[in-house]
Every structure is written in structure tokens, then in C-alpha cells.
1. Can residue 471 be described as modelled with pLDDT of 80 or more and either among the acidic types (Asp, Glu) or surrounded by 10 or more Cβ atoms within 10 Å (Cβ to Cβ) (or both)?
2. In the list 426, 456, 422, which residue meets the criterion of being aliphatic (A, V, I, L, M), within 23 Å of residue 125 (Cβ to Cβ) and outside the structural domain of residue 111 (by TED's automatic domain parsing)?
3. Inside the range 316-327, can you point out the residues that are surrounded by 10 or more Cβ atoms within 10 Å (Cβ to Cβ) and modelled with pLDDT of 70 or more?
4. Does the range 384-394 include one or more residues that are under 23 Å from residue 127 (Cα atoms), out of contact with any strand residue (DSSP E or B) (no Cβ under 6 Å at 6 or more places or on another chain), aromatic (Phe, Trp, Tyr) and modelled with pLDDT of 85 or more?
5. Which of the residues that make up the range 404-425 are touching a residue at least 60 places away in the same chain (Cβ under 8 Å) and out of contact with any strand residue (DSSP E or B) (no Cβ under 8 Å at 6 or more places or on another chain)?
6. Determine, yes or no, whether residue 249 is at pLDDT 95 or above and either within 30 Å of residue 384 (Cβ to Cβ) or among the charged types (D, E, K, R) (or both).
7. Check the range 190-200 and report whether any residue there is surrounded by 16 or more Cβ atoms within 10 Å (Cβ to Cβ) and more than 23 Å from residue 11 (Cβ to Cβ).
8. Search the range 211-238 for residues that are farther than 12 Å from residue 401 by Cβ and pair each with any residue that is in a loop (DSSP other than H, G, I, E, B) and of a type in the set (Val, Ile, Thr) when their beta-carbon atoms are under 8 Å apart and the residues are at least 6 apart or on different chains.
Amino acid sequence: MLQYNKEYIIKPENIYQILQDAKPEWDKRKKLYQMKIRKDKPSSLVAENDSKTKIAFESVISNMVNGYMGGKAPVYLVDEIPTEEKQKILQKLFNKVFNKKDNDRKEYQLFIDYIRDYNDDSFFFYKIIQDYNDVSAGYGLFYENQNNEIVYANTDPLQSIAIYDFSTPVQKIGFLRHWVETNADGEKFDVVVLATDEYKYYFRNSKLEDTNFKEDEESREEVNWGCVPCIAIENPDGLSCFELSKSLISSYERVMKNSKNTFQYNDDAKLMVTGYEPKEDLVVEKRDKDDQIVYDETGEIVWIVNKKRQEEDARVLEAPVFYAGESGKIEWVEKNINDGALENYKKTLIDLIFMVSNCPNVNDLGFTNADNSSALEKKFFPLEQSVTYLDKAIRKELLAMWEAFTNRINLKKGTNYDFRNLKIKLQRNMPTDKKAETDRALSLRGLLCDESVINLLPDELDASSEIEKMKTQSEENLEANMEKIQSFGKDGADAQAIENNKEDQDANNQENASNDKQDASVSKDKEVK
């Protein structure tokens, strides 16, 4: 952690000393980065030949911790406005009006969701987590671009560092970034960008390692966020997630290398023959073209391997049968390995590596037998404890960033959103039983509102959007049902009218038939008379 007075850091003559103070921190982070990727000169992650044995536990631990903590993006929810009674109490205690009635909760939520989608919030969050766990620090900065869009992005922790004051608790007073550029003439020089809560300063020197820095006053930018526009999370102990296991990893690699060498030695084992003498000598004097013995500078004879002896040994090895005499013996000279003890030792090292790093070993038998959420949570309990500080720190920094965004939108649009209504929930990315979680969420229907129930579901759903869709769907279904009812009523009336007309027609036909019958009877009576 770098600590200075605010007046000190903005002076060009002090920039070189600040860089010198930050250099040990950057060098340590670079070493941690090389430790993870194994790309430093003495070793590499992938061995070029069999003479090196590299087992990248660092990468395995890093992927597990980063995936667990940053695999799922945070959930941002805007709470309902407090009741009038609570607002009156808060106003009485703090003499300030909180959560004015004209605030639109859905509008504030839409503002947050839009900014997150524009900036790919999930990647930004994961990169901060990854940098913190791998090199002990994660940084990000935010600004407003030419299109008046709020932008936040990650910065390289190997080139960035936060600056704090001496207050209690310490407050962030600056954010420094440093890199090397090359001008048109091919000359390299240092570039330093320092952001405070008031301005963003640009400093340059004429060449590398030059102690004289000058400010480019024309490039100075005004900062209108009311704070230092950055997110900074630094491990208080300066440790990465795999650093404490480094010695154990080296021990495991050494054991694997020794085992490999032993097996290689046995593959190339030498044949020991007793009771047999070869015809040719193993070495002979070196001779020149004139068949004269060659001597070295000290006058000693130069000895070389006898080629005839090599040919003799080859013929012996290739022969299907070899006779060593009555007291002779033939056997391979090998190294004996206690496989059981060696495997137990390697397993112990693996257990210690994951235990010291607080990371669960997913290949462990106990982990693979965990068939429910409760058992899995117990396996991840040590890891959960190790990320507690990171959880609190990232939540605090994110809330401060969104406070700045909220103040900016309130100032520009005349709104009265209160960042205190914003709740940030950090999710854990681990195997879960979705059916069990879904059943639990549905069992709370009637006790909690629909929005809270949807937020409890394991699926990544936007509760407000889903409720709005349900409302629209219900209205559409109601309209469709009403149309069916009206259509059914109309069809029923028509059918009744047709039935009534049919009955009237039948009655008329019967009446006409009766009248015809009477007329016929009258006519017949007349004829008789």
C-alpha cells in the first residue's frame, strides 16, 4: 500500500520517487504472474523434453478459486422505497429526506441494467477477481466517453497501483498507472497517469530512468465524479491464492522427477555378467593416422572406447543363448522402488497442497461421493472462508462505484435515486441441486412476494421482467377468454333463435294442418246434405 499526502503526489518532481516506491510491488506481482503461468526463463509450463517435470498446480488452484468466486456475475437489485413511517423516523434522526416519493424503482433498475449490459459486467467482475487471486491486486477505472456513456474497464495490476492517505480509516486519494512508450525516433520514455478526485494528470520524461518528469498541462482532465474514479482491491498480506503451496508443489514435482528418472534408469539398465571375460578391452589408446599413440598436453596417453568391445557386447546381447560358465551369473542391475510408500507420500503432498490453499480437490474420493448440496457446501467451506475478505472488499468497491454513477445521473437528469436502495449480491459458482433449490423457492410462495421467490430460483432470471411478462400474459389470456365468452354467448343466442323459429314453424304447420282438416270435414258435410 502506497501512502502519501495529496499535495505530494501531484507535483512532477515527486513522480520518480513514487515510481521507485511502487516498483517493488509491481516486481512482486510480476513474479506471482510468472509463477502461475510458468513462463519465466528457468522453467516453463510445458516441458520441452523429458528432463523437466512440471505439474501446474498453481493453474489448477487459480482456476478453481477464480471460477468459484467470479464465475457468476453479481446480482443488482433495487429495494422498495421504505414506508412513510420509516422515512419520518430517518428524517427525524438525520434531518434529511431519504427516498423521495417521486423515485421510480423500476426506472432506477433499468438504468443499472443498461450500464451493466453496455460494459459486459460479468467479464469486468471476473477479471477483478482473477487479478486479485493471481497477483494479489485487482483494479478498474470508470469514465464517461464521448457518447456520454458510462464506461468501466479493468486495468493491468502490473502497471497500476492505488494511493491512500494517512487518515483512519485510510481513504483513496489517487490511482496511478505507468507504462513505457516509444516516440517517432524510436526513443523510449515513461508515461504516468495519475487520477485524483479533482483532476487526471499526465506526466512524461524525456527517456527511460530519467528522474525529471514534466506534466502535460494541456492533457489535464477534470474529474467530476466526486471521488477517485477507480476500483482498487489489494490483498493486505500481498499473497496470491496459490503462493503458500509453492514449496509443496516443488516437492511433488521433485518426487515425480525422481520416480521418472528411476523408471528411465531401469529401462536403460545395464546387464551384469559374472564368470565371463570379454575378449576385447573396454578402452584402448587413441592413435593417429600413422598408428602412433596420441598424448595430451600433460604427456598422458589419451584413452578412447574400444569399438571392437562395443561390437562384442552387441553380439552378446543379440545372441539367443549365452554361456557364463559353472559359477557365472547374468542379471540386470536395477533400482527397486517401494510403490506403496511412494504413492502414499505423493497423495499426502497433494492433500497438503489443496489444504494449504483452502481449495477443494475435485478428484478426491470424498468430493466425488458428495451427492447433495449440503455435502458439496461442506467441501467448499474452507474456500468460502478464504474469500471472505475479497467478498467484503469487492462489495464495498462496487457499491462506491455505483454511488458515483447514481450521483452523476441525479445531477444530469434531476432524479433523486438513492444508492442505499441498491443491494449487491455476490453469487458463488459451484455444483448445485437445482431441483432442491427450486422446490425450496416454490415452498415460500405465499410467505414472500413473487419477485423474492423468482430471485431465489437457481436460474438467472430478471424478476422485474418476469413479473411484467406474467402480467402481460395474464392480461392477454383474460382478453382471449372474454372474447371466447362473448363469442359463445352470441353463438348461443343465435342457436336459441333458430330453435324458437323452428318451434314456431312447427306450430304453424300443425295449426295449418288442423285448419285444413276442419275445412275438409265441413266440405264433406255440405256434400252429404
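The values are calculated or read from the model by the stated rules, or taken from the named source; none is laboratory data. Bear in mind the structure is a predicted one, so any value in this text is a computation, not a measurement. Here Cβ is always computed from backbone atoms with ideal geometry, including for glycine, and neighbour counts include all displayed protein chains.
1. Values: modelled with pLDDT of 80 or more: yes; either among the acidic types (Asp, Glu) or surrounded by 10 or more Cβ atoms within 10 Å (Cβ to Cβ) (or both): yes.
It is true that residue 471 is modelled with pLDDT of 80 or more and either among the acidic types (Asp, Glu) or surrounded by 10 or more Cβ atoms within 10 Å (Cβ to Cβ) (or both).
2. 456
3. The answer is 316, and nothing else.
4. Scanning the range 384-394 turns up at least one residue that is under 23 Å from residue 127 (Cα atoms), out of contact with any strand residue (DSSP E or B) (no Cβ under 6 Å at 6 or more places or on another chain), aromatic (Phe, Trp, Tyr) and modelled with pLDDT of 85 or more.
5. Selection gives 407, 409, 415, 416, 417, 418, 420.
6. Spelling it out, it is not the case that residue 249 is at pLDDT 95 or above and either within 30 Å of residue 384 (Cβ to Cβ) or among the charged types (D, E, K, R) (or both).
7. no
8. Matching pairs, first to second residue: 223/196.
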